[in-house]
Each structure stands twice: as structure tokens, then as C-alpha cells.
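The values are calculated or read from the model by the stated rules, or taken from the named source; none is laboratory data. For clarity, every value in this text was computed on a predicted model and none was experimentally measured. Virtual Cβ from ideal backbone geometry, glycine too; neighbours counted across all protein chains shown.
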Amino acid sequence: MTEPAVEIGEILERGGDADDVLRQVVSSLAARPDVSWAGIAFVEDGALRLGPAAGHEDEAARVRAEVSFQGASVGELWVDGTLSHHELVAIAALIAPLVLIGWDTDGEAWEP
């Protein structure tokens, strides 16, 4: 099986609407045999709000990785399964520019 970050990189290379690409990312992760569920939470009004998600939740097996863009926390990648935190951090870095689009800046202007 292909490394998760490689699979996600291929999805990102195909491009498309940010929402659609992020849905493909979580679907790809949830389709792995070592993952039962994947989701991306966006920072909104100071709290995390779940966005795209796929699979069947098993919160007891959840691992999380912060998604940050230029030093600002814009969300988290959540996966229920046995992916390592290191793998999640690599994927979070890949998807950060797309998660930024869904990030609530509390009305402040933001230049990516």
C-alpha cells in the first residue's frame, strides 16, 4: 500500500475546488485498512468545527494533528486508526493551504 502522504499528494496535484479536494482527502484516508474514519476540523470562533469527514468513527482510536498555515492554527486533522502521529503531521502540512480556505479569521483580513 502506498504511503498516506504520497496518496494525499497525488490528490492535491489533481487540484480542484478546495472543498472537493478535502473531501477526497478524508475519503482516501478512511479507505485505508488501518483507518476507520477521518475528518478535518476548522477553527471557527475559537473552537474546532468538524468539516469534511468519511468512514465510521471510533473515537477511542483517534489521533490528531494540528493544521497550521504560516504559524497560525487553522484546523486539525483527525483520524481514527493506527496511522502514526508523524504521518498525520506530514499530511496536515500538505493540506494546510486548503484548510486555510475554510478557516474563520474572525473578520480579519488574511493574505495567504
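Output yes when any residue across the stretch 91-112 is modelled with pLDDT of 90 or more, of a type in the set (D, E, K, R) and either over 17 Å from ASP19 (Cα atoms) or part of a strand (DSSP E or B) (or both), and no when none is. No.
ALA31 meets the conditions (1) crowded, with 19+ Cβ neighbours inside 10 Å; (2) modelled with pLDDT of 95 or more in every case but one. The failed one is (1). Restricting to the stretch 44-64, and then to whatever is in contact (Cβ under 8 Å) with a residue 40 or more places away in the chain and either within 17 Å of VAL89 (Cα to Cα) or among the acidic types (Asp, Glu) (or both), can you tell me which residue is surrounded by the most Cβ atoms within 10 Å (Cβ to Cβ)? This residue is GLU44. Within the stretch 69-91, one or more residues are surrounded by 13 or more Cβ atoms within 10 Å (Cβ to Cβ) and in contact with a His (Cβ under 9 Å, 6 or more places away or on another chain). The set of residues in the stretch 15-61 that are among the polar types (S, T, N, Q) and either out of contact with any Gly (no Cβ under 7 Å at 6 or more places or on another chain) or under 16 Å from ILE101 (Cα atoms) (or both) comprises GLN24, SER27, SER28.
Of the listed requirements (1) touching a Phe, Trp or Tyr at 6+ places or on another chain (Cβ under 8 Å); (2) closer than 17 Å to ALA93 by Cβ, ALA18 misses just one: (1).
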